[in-house]
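I have placed the structure first, in the form of structure tokens, so that the comments after it can refer back to it.
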């Protein structure tokens, strides 16, 4: 399953549309006014199904993940040189990026490749292609991309 993650050009807060290969909307993401990033994920019918919330006052970026009203856990950026890396406290997933921070892979010892994420260059807004072999991992893979994109905007 491939998803196209595209940031909206005109919005006060972070807003994204996520499409499938046929151009149909799978998810929309709406940023909310908060201290740190707070992103709500809506399904195609407009129902909130998840959120990514930045923890403030942390040395390295950290985000809490929620799906269907349940707390899943945290994703945090690790201190590394050259290759960005994120770890989860709620699963065996690991996220590692290339040194230019445009391409990432999510891997798991139990599942192998969970998702491949690549940033499209020369776009007006942040645009990523998320290739998820198992559609059951689509929502969590989307949460990872949201956390990565928010971390890059953290400044």
Based on this model, can you work out whether residue 113 counts as touching a strand residue (DSSP E or B) at 6+ places or on another chain (Cβ under 8 Å) and more than 19 Å from residue 53 (Cα to Cα)? yes
What's the total number of residues in segment 12-26 that are surrounded by 15 or more Cβ atoms within 10 Å (Cβ to Cβ) and more than 12 Å from the chain's Cα centre (by Cα)? 5
Positions within segment 54-66 being over 13 Å from residue 88 (Cβ atoms) and either at pLDDT 95 or above or surrounded by fewer than 10 Cβ atoms within 10 Å (Cβ to Cβ) (or both), in sequence order: 57, 59, 66
When you go through 72, 60 one by one, which is the residue that is over 24 Å from residue 6 (Cβ atoms) and touching a helix residue (DSSP H, G or I) at 6+ places or on another chain (Cβ under 8 Å)? 72
Looking at 31, 46, which one is touching a residue at least 12 places away in the same chain (Cβ under 8 Å) and closer than 24 Å to residue 118 by Cβ? 31
Residues in segment 27-48 that are loosely packed, with under 10 Cβ neighbours inside 10 Å and more than 26 Å from residue 61 (Cβ to Cβ): how many? 3
Per the filter on segment 99-133, residues closer than 12 Å to residue 145 by Cα, outside any loop (DSSP other than H, G, I, E, B) and either touching a helix residue (DSSP H, G or I) at 6+ places or on another chain (Cβ under 8 Å) or in contact (Cβ under 8 Å) with a residue 40 or more places away in the chain (or both) are 104, 106, 115, 117, 127, 128, 129, 130, 131
Considering segment 134-155 alone, what residues qualify as being under 23 Å from residue 64 (Cβ atoms), surrounded by fewer than 16 Cβ atoms within 10 Å (Cβ to Cβ) and in contact (Cβ under 8 Å) with a residue 24 or more places away in the chain? 152, 153, 154
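The values are calculated or read from the model by the stated rules, or taken from the named source; none is laboratory data. Worth saying up front: this structure is predicted, and the values here are computed from it rather than measured. FYI the Cβ positions are ideal-geometry reconstructions off the backbone, even for glycines, and counts take in every protein chain you see.
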